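The values are calculated or read from the model by the stated rules, or taken from the named source; none is laboratory data. Owing to the predicted nature of the structure, the values given are computational and were not obtained by experimental measurement. As a convention, Cβ positions derive from the backbone with ideal geometry for all residues, glycine included, and neighbour counts pool all protein chains shown. For accessibility, only protein heavy atoms count, side chains too; no ligands or nucleic acids. Shrake-Rupley method; radii C 1.70, N 1.55, O 1.52, S 1.80 Å.
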Amino acid sequence: MAETLREVIDTTTAAMLRARGSYKWTAPGPGGFGAAVAEMDFGAAPPILNALAGLSAEANFGYLPPPLADELAAACAEFQQRRYGWEVDPALVHNVPDVLKALEIAITRFSRPGSPVILPTPAYMPFLTVPGFLGREIIQVPMADDAGWFTLDLDAISAAFRAGGHLLIFCNPCNPLGRVFTAEEITQLTGVVDRHGGRIFADEIHGPIIYPGQRHLPYASTSAAAAAHTLTATSASKAWNLPGLKCAQVILSNEPDRQRWEEMGFFAAHGASNPGVVANTAAYRHGEAWLDEVLAYLDEGRRLLAGLLGRHLPQVRYRPPDGTYLAWLDCTAMDLPGSPGELVTDRAHVTVVDGPAFGAGGPGSFRLNFATPHPVLAEIVERIAAALRPA
């Protein structure tokens with residue numbers, strides 16, 4: 001009898017994960033544990049492996065042909081409608097290498113020249129560095145933190161627009177906090193952006209990773225006003241673990257942006273790979289059954305993590321995320337001799353991302369990736385507890 005996906009995952013050991021040779025698991029060094037890089041440890045969906053095998057059999061490794069690009073645009077649009085109820089015109093779906101390339105395009109081509117970028121924090125680390133590489137300042141807007149429930153500070157966002165900001169990065173579901181923003185929160189943010197003539201770069205790469213009781217709402221789908229000022233970036237890369245294949249999508253949602261995209265020229269967004277395009281297409285069209293199994297496992301994992309922390313590190317504040325497979329662990333109640341993420345990495349040999357890397361609101365916390373077999377997760381928490389407990 002063939003093993004179930006759950007059985008395969010649960011029998012995967014840390015040694016087996018190291019042997020795969022991924023950056024996530026080799027970076028910690030011999031005997032270390034990888035919990036920093038945003039990848040899952042669950043293999044790949046069979047439809048994706050089959051699609052890549054077909055591409056290899058045809059040796060289709062040249063430049064991206066239009067038929068493959070068009071097929072992915074259609075598959076992405078179908079997925080958005082089926083999963084979220086968002087009607088997307090495939091002609092407005094454009095392939096790019098990754099979400100960071102999409103952000104670069106949003107900043108350089110769709111925001112006011114020279115204007116600062118507005119960033120709610122804590123935020124995905126590259127969002128704090130990419131604008132600077134492009135000659136833009138960043139206005140960090142710390143989120144309001146109510147016992148681990150993070151919300152947008154709309155008054156501070158409004159002030160950031162008045163200070164000259166034009167493009168706001170809206171990460172939903174939020175990396176690193178795991179928040180899935182509600183319809184009311186999105187409506188309120190839309191009103192602020194609209195009043196100031198601002199723009200939104202909506203990073204929705206974690207959109208398919210949502211837990212029971214939550215719903216992902218594509219920002220641009222919520223109103224005509226939101227659609228008019230948004231560029232949406234998405235990909236199958238997080239939900240199906242494909243980041244190394246280099247493929248993401250930009251979804252346009254208004255006519256002026258469509259015209260501007262056409263004016264950019266071919267090489268402005270060039271770089272999505274044939275394997276990435278084929279894998280994303282297979283994920284969107286044939287990968288949902290695999291994804292749903294993984295989501296059930298992740299749902300158990302986020303709750304298992306709560307129990308493990310309650311047993312081993314009760315002073316650490318943790319709110320199970322609404323989405324993503326990323327846990328935000330607040331250690332500010334502990335009397336530690338240093339930054340918790342650094343202590344975990346150095347003492348426990350578990351690589352995590354330390355809170356200061358996420359900007360304002362990050363110090364005193366760290367991000368932990370729990371998309372790993374449950375027995376491995378238990379050992380990770382035990383190691384972290386041993387590293388952070390007083391000697």
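Between Glu293 and Asp155, what's the calculated FRET efficiency when r is the beta-carbon distance and R0 is 51 Å? Round to 0.05.
Working from the Cβ atoms, E equals 0.75.
When the chain is fully extended, how far beyond the present Cα-Cα distance does Ser22 get from Met334, taking 0.36 nm per residue of separation?
109.0 nm
Sorted by accessible area with a 1.4 angstrom probe, largest first, how do His229, His94, His349 fall?
Putting His229, His94, His349 in descending order of accessible area: His349, His94, His229.
Treat every Asp and Glu Cβ in the chain as -1 and every Lys and Arg Cβ as +1, leave all other atoms uncharged, and give the resulting dipole magnitude about the Cα centre to the nearest 20 debye.
The dipole magnitude comes to about 540 debye.
Give me the percent relative contact order of the chain, please, defined on Cα pairs under 8 angstrom at least 6 residues apart.
24
Using helices alone, what [θ] at 222 nm do you get for the chain, with -39,500 (n - 2.57) per DSSP H run of 4 or more residues, divided over all residues and rounded to the nearest 500?
-12000 deg cm²/dmol
Bins of 5 Å, beginning at zero and ending with the bin holding the largest distance: percent of Cα pairs per bin for region 126-199, please.
Bins of 5 Å from zero give 3, 14, 25, 26, 20, 10, 2, 0 percent of pairs.
With label points built 7 Å along Cα→Cβ from the Cα atoms of Arg162 and Val8, find their separation and express it in nm.
A separation of 5.6 nm, rounded to one decimal place.
If you count only protein heavy atoms with a 1.4 Å probe, what accessible area per residue comes out for the chain, rounded to a whole Å²?
Spelled out: the 1.4 Å probe surface of the chain, per residue, equals 40 Å².
Restricting attention to region 1-84, which chymotrypsin sites (Phe, Trp or Tyr not before Pro) occupy a DSSP loop and are surrounded by at most 12 other Cβ atoms within 10 Å?
Here the chymotrypsin sites (Phe, Trp or Tyr not before Pro) that fit, given the DSSP loop and packing criteria, are Phe61, Tyr63.
What does the net charge come to around Glu39 if you take all other residues with beta carbon closer than 11 Å to its beta carbon, with K and R at +1 and D and E at -1?
+2
Give me the compactness ratio for the chain, meaning the Cα radius of gyration over 2.2 N^0.38 Å.
Ratio of Cα Rg to 2.2 N^0.38 Å: 0.97.
Only bridges whose two residues both fall in the chain count here: according to DSSP, what percent of them are antiparallel, nearest 5?
Once the DSSP bridges in the chain are tallied, antiparallel ones form about 55 percent.
How much FRET efficiency would the formula 1/(1 + (r/R0)^6) give for Phe267 and Leu134, where r is the Cβ-Cβ distance and R0 is 25 Å, rounded to 0.05?
Once rounded, the FRET efficiency stands at 0.90.
Summarise the accessible area of the chain (1.4 Å probe, protein heavy atoms) by the percent that is carbon and sulfur.
The computed percentage sits at 55.
Could you compute how much accessible surface Cys174 exposes when probed at 1.4 Å, giving the result in Å² to the nearest 10?
0
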